[in-house]
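To start, the structure under review is shown below, and the notes come after it.
Quick note: the coordinates plus some simple rules give every number you see, no bench work behind them. Just so it is clear, the model here is predicted, and its values are computed rather than measured. Glycine also receives a Cβ, built like all others from the backbone with ideal geometry; neighbour counts cover every protein chain displayed.
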């Protein structure tokens, strides 16, 4: 039996005046979390996550993204956010881009948390990131950040995933 995705909350930016949104009071009753986004920013901007308001240097990310006709790999250690994507241009190209993030074992209190993200747009192609939050705390809130304001109509939906 496949996993079941249950919507927890959805947020749509009503205007382009904010560069972040926080999902609060995330219930600990699921196996994993997923965030699906339809995203555009007002200028070139990477996207990132922060869990439980933790702004310490506890995030590590490995990203893979296109740069012209080649693919670039990069590793960011001891950061204050976990990167969803690092290439800033897909989300300000005049079109909305797709964001898909999976956060594994988010409610566990015995392991570090891991996230997998896939982003992309018609113009710039796919970008992949694997991130790690070096904390054993259960995730009860998560914030999504852009380096620039999110454009009007950007939408994020948080899902709880129940294992089969």
Handout entry: Packing-based exposure ordering (other Cβ within 10 Å, fewest first) of 84, 26
Key = 26, 84
Problem - Ordering of 129-140, 69-80, 42-53 by packing [mean C-beta count within 10 Å, highest first] - result: 42-53, 129-140, 69-80
Completion exercise
Expressed as a percent, the portion of alpha-carbon pairs in the chain spaced more than 19 Å apart is 52 percent
Practice task
Only Cα pairs under 8 Å and at least 6 apart count here; give the relative contact order of the chain as a rounded whole percent.
Solution key: 43 percent
Fill in the blank from the handout: Two pseudo-spin positions, 7 Å from Cα along C-beta at residue 72 and at residue 5, lie apart in nanometres by 3.0 nm
